[in-house]
Amino acid sequence: MMGVFPHRPFDVRQESEMLQPLDFNHWARLKPVAKVFKAEITNAIRLTATEKLFHVRIHDDAERQRFSFLPGQFVMVEVPGYGEVPISIASSMSNKGYFELCIRDSGTVTHALHQAQRGAKVGIRGPFGTHFPMERMQGHSILLIAGGLGLAPLRSPVYYATENRAAFKQVHILYGTRNPGQLLFDYQYESWRRIDDVNIQIIVEQPDESWKGPVGIITQLLDNVRVDPNDTFAIVCGPPAMFKFVCDRLHAMGIPMDRMFVSLERRMHCGMGKCCRCNVGDTYTCTDGPVFDYWSVINLKEAI
C-alpha cells in the first residue's frame, strides 16, 4: 500500500548509531538478532492525545505461530526510512493472531507510526530482554502498579494474572496518571473489575469536572491494600521518579526488595547491547533487563 507513511528523505549518516562509536567488548553477549519479521499494522486505536495502540501482524503464517514472548519483554520496531525504536509488548501471550504495542508520539520514528495508515509495513526484531517472573509468582498475591504510560508494559502481566486467575491469591491493579485525559485502556477497567476477586483502583493528580474517583498520588492507593508481605510480589511500571516512592512504600509494608520488579526500558536503544546507550556501569538494560528486581536496581548507580 502506498502512502501509508509520510515521506521524509533518509540519510543514514545522521542515524545515531552512525554518530556514536560502537563498543564491541560485549560482542560475545549479543543474541542472534539478524532475523527481521516482516509485519504490518492492521489496526490503530487512539487511546489519548499522545498514545495509540497498534495491532501488529507478522506476515508469514508459520513465523506468526512461532512468535512468542513473555510479559515484560520488548521488540524493536523498524519503520523503513525513519529508524527503529524499542517498544514493550502490551498484549496477551495467548493471542497468536497479532500482538499489541502502545506507542507514545514522542520522536521521529514514533511520530511516523502515529501518522501511518492500516497496511503500513514495519519490521520487527525480537522479542528481547528479561521478563516478569509470573510463574514464580503463582500461588502468591500480586500487586500490579503502574503510573502513566507504565500501564502499557504492565498490561501483559495483567492479562497473565486475569487469564490465570486461579493461580494467584489476591490480585491488586493500581494505576495513576496526572489527569483523566492521560488514562490508558479505560475501556478495560470494568472488565478487569468483573473478574472474581480482582481489586482495581485508579487515581489522578489533577481531576477535571467529570472525574468521580480518588485524587492524589499513586502511593495513596496502597492505604487500601491489605496483603501478607511475606506472601506477596509486586510489579511496578512507570516513570523512574515513581519507582523510589512506590518501592520504598512497599518495603515499609514489609515486602522484600527482591520480590519487587521494575522495568528500565526507557534506556533501551538497539535491543542487543551493541550501541552502549543503555549501559548502567557494566549492566546493559536491553540484555540484562529491562526487568530487574528492585534490590538490583538500587545497587546500580544512576539506574533511577
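All of the numbers you see were taken from the coordinates with simple rules; none came from a lab. Quick caveat: nothing in here was measured; it's all calculated off a predicted structure. Note that each Cβ is placed from the backbone with ideal geometry, even for glycine, and that neighbours are counted across all protein chains shown.
Couplings 3J(HN,Hα) of region 198-204, computed from phi: 10, 9, 10, 10, 10, 9, 10 Hz, in residue order, whole Hz [Karplus 6.51 cos²θ - 1.76 cosθ + 1.60, θ = phi - 60°; x for Gly and Pro].
Ranking of 50, 110 by neighbouring Cβ atoms within 10 Å, starting from the fewest: 50, 110.
For the pair region 164-238 / region 84-149, the C-alpha centres are spaced 20 Å from each other.
When each of 88, 68 is scored by the number of other beta-carbon atoms lying within 10 Å, the sequence from fewest to most is 68, 88.
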